[in-house]
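Worksheet: the structure to be examined is printed underneath.
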Amino acid sequence: MMMMMFLHFSLQFLLHPLLHFLFITLITCLALKILKSLTTTTTTTTTTIHRSRVISNYPPGSDGFPLIGETLAFIAAHNSSKGFYDFVRTRHLRYGNCFKTNLFGGTHVFVSSVEVAKALLGSESVDFPKRYIKTVATLLGEESLLCSSHEHHKFLRRQIASLFTLDHLSSSVRMFDELTVETMRVWKEKRCVIVLDYALKITFNAICKMLLSLEDDNEMEALRNDVSEVTEALLAFPLRFPGTRFNRGLKARERIMDTLREKMAMRRNGVECKNDFLEHLLAKDNPDSAESLTDQQISDNILTLIIAGQVTTASAITWMVKYLDENKEVQDKLREMQLEIALKNSDTPLRLETLNDMHYASKIVKESLRMATVVSWFPRVALKDCQLGGFQIRKDWIVNVNARSAHYDSTIYDEPMKFDPSRFDEDPKPYSFLAFGAGGRTCLGMNLAKEMMLVFLHHLVTTCRWEVTDADPSLEKWAMFPRLRSGCPIRVIPIN
Ligand code: HEM
């Protein structure tokens, strides 16, 4: 059996560069483990005795094979059309709301209870900082909000959160409205389109316009390619040799940083003046002020916002189109309501106030986010031994809040497999709706993402009906967020 698996993976290994990386990671893990066990032999016996006393209190789960744990099964899930979450789903079914596994030489715990989510994500959870991989900091930058330590994170988050004001959100509605209207015009003309392709394009354009007021198509295209190289490198093995995916990502990062430096210089010299995020961040530039950001902090976080916002929102929009195709009565009811709103607002671009009146559409957005759970789990690292949900957790274990399981838990959501926007007639209980995380690390772009989804939804249902032409539910392999391998192709039927 082991031999068969080995042969299977050896073959795959030749075919997929990411497997190559994971194989090397595995070998590195093994080497580290062996080294560690060689250097800590004197303490092993006592640790084992100590562990045997409390072992029954650890979360259930399998440690898998010696040293490599369940890494092969995790890799296999990543490389299958069911998607990487299948690894977690099957273990959640077997062991329940809290289980542990061993991946890449480390212990990972997955938990999905509301109480534990609160304990881990709530503002008092200083003992469970966000866990990130070193390569993320190399690619996004040491000053990225996603990689910063607790105190520094608070400072950076305050500065960046101040950009998501009502004023900025209002102007982004107008801008996203224009982009969506143009997209619908193209869809009506083409009739057969891949939703994900367009969703990726308009979310990228919208975010770059908001952050940097980019207008030039060539400039935008170049940046889009570079951002996509950085995103792909986030999952690659950190080999800095010419031709490797990681190296391409680093080179792309350098080009992005050059562009941002150039933009900052132009703003400072007065060659360019815009009302965007960059301008607001530069306005804080005062060496005497404690609230001032360095150039590095500004550029690392502009890159972070693009990467955190584009693919997530585009994937969510695509899932929403699919769910509405499968639920025609919901779609018809929504269309009726949105046409009424369109009649009242004829010829004017959508405004933030109009979005606030789209109550049914908002519930559809939430229900799509629940079912899609674009970010499946949120990793945190335990800084010390502790108890969590009745189980013993050891220092350095990675504890993942399993948002997808919470969203499909029938004790929290009645008939969780059913697409039912009316379940959001009432607000969900705290820490039970985790599409945007919760607590001190809640998604900063949450309102922007919801706004983009609403604008898109409004124009979609008031412009056309559609049919998904490829019902294959297979997921894209090695994608950072679950998304359809087909990209959701549709046939568009204009309604006016
Ligand atoms: C539907 C779209 C989106 C989803 C589902 C989503 C989901 C999430 C989740 C779950 C987290 C928290 C992860 C954790 O706790 O470990 C997060 C964090 C974050 N998101 Fe989003 N996001 C979306 C769109 C956006 C957009 C549009 C932006 C900005 C342009 C953005 C910027 C961020 C940032 C900066 C963080 C880090 C916050 C921090 O660590 O303090 N996101 N997002």
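The values are calculated or read from the model by the stated rules, or taken from the named source; none is laboratory data. Worth saying up front: this structure is predicted, and the values here are computed from it rather than measured. Positions of Cβ are generated from backbone atoms using ideal geometry, with glycine treated the same way; all protein chains shown enter the neighbour counts.
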Just to check your reading of the model, which residue among Glu151, Glu115, Glu178, Glu182 is assigned to a helix (DSSP H, G or I), acidic (Asp, Glu) and under 21 Å from Leu305 (Cα atoms)? Glu151
Taking the stretch 463-496 as the search range and keeping residues that are small (Gly, Ala, Ser) and closer than 22 Å to Val365 by Cβ, which one is surrounded by the fewest Cβ atoms within 10 Å (Cβ to Cβ)? Ala479
All positions within the stretch 229-270 that are free of Cβ contacts under 8 Å to residues at least 40 places away in the same chain and of a type in the set (D, E, K, R): Glu229, Glu232, Arg240, Arg248, Lys251, Glu254, Arg255, Asp258, Arg261, Glu262, Arg267, Arg268
Glu182 being more than 15 Å from the ligand (Cβ to nearest atom) and modelled with pLDDT of 95 or more: yes
Counting only residues that are of a type in the set (Gly, Ala, Ser) and over 17 Å from Thr373 (Cα atoms), which one in the stretch 422-462 is surrounded by the fewest Cβ atoms within 10 Å (Cβ to Cβ)? Ser422
Looking at the stretch 379-395, which of its residues are surrounded by 18 or more Cβ atoms within 10 Å (Cβ to Cβ) and among the basic types (Lys, Arg)? Arg380
Within the stretch 442-484, which residues are modelled with pLDDT under 95 and within 9 Å of the ligand (Cβ to nearest atom)? Phe481
Surrounded by 12 or more Cβ atoms within 10 Å (Cβ to Cβ), among the polar types (S, T, N, Q) and touching a helix residue (DSSP H, G or I) at 6+ places or on another chain (Cβ under 6 Å): is that true of Thr304 in this structure? yes
If I filter the stretch 200-215 for residues that are over 24 Å from the mean Cα position of the chain (by Cα), away from the ligand (no atom under 14 Å from the Cβ) and not small (Gly, Ala, Ser), do I get at least one hit? yes
Check whether at least one residue in the stretch 468-481 is outside any loop (DSSP other than H, G, I, E, B) and in the same structural domain as Ser170 (by TED's automatic domain parsing), and report yes or no. yes
Out of curiosity, is Phe99 within 21 Å of the chain's Cα centre (by Cα), part of a strand (DSSP E or B) and surrounded by 21 or more Cβ atoms within 10 Å (Cβ to Cβ)? no
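For every residue, the table says whether it meets (1) surrounded by 17 or more Cβ atoms within 10 Å (Cβ to Cβ); (2) in contact (Cβ under 8 Å) with a residue 60 or more places away in the chain.
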{"site": "Ala361", "(1), (2)": "yes, yes"}
{"site": "Lys366", "(1), (2)": "yes, yes"}
{"site": "Met371", "(1), (2)": "yes, no"}
{"site": "Val374", "(1), (2)": "yes, yes"}
{"site": "Trp377", "(1), (2)": "yes, yes"}
{"site": "Trp397", "(1), (2)": "yes, yes"}
{"site": "Asn402", "(1), (2)": "yes, yes"}
{"site": "Asp409", "(1), (2)": "yes, yes"}
{"site": "Met417", "(1), (2)": "no, no"}
Looking at Thr312, Thr318, can you tell me which residue is within 14 Å of the ligand (Cβ to nearest atom) and touching a strand residue (DSSP E or B) at 6+ places or on another chain (Cβ under 8 Å)? Thr318
Sole exception among (1) of a type in the set (Asp, Glu); (2) surrounded by fewer than 16 Cβ atoms within 10 Å (Cβ to Cβ); (3) within 13 Å of the ligand (Cβ to nearest atom) for Glu115, by number: (3)
May I ask you to verify whether Met220 is without any contact (Cβ under 8 Å) to a residue 24 or more places away in the chain and surrounded by 13 or more Cβ atoms within 10 Å (Cβ to Cβ)? yes
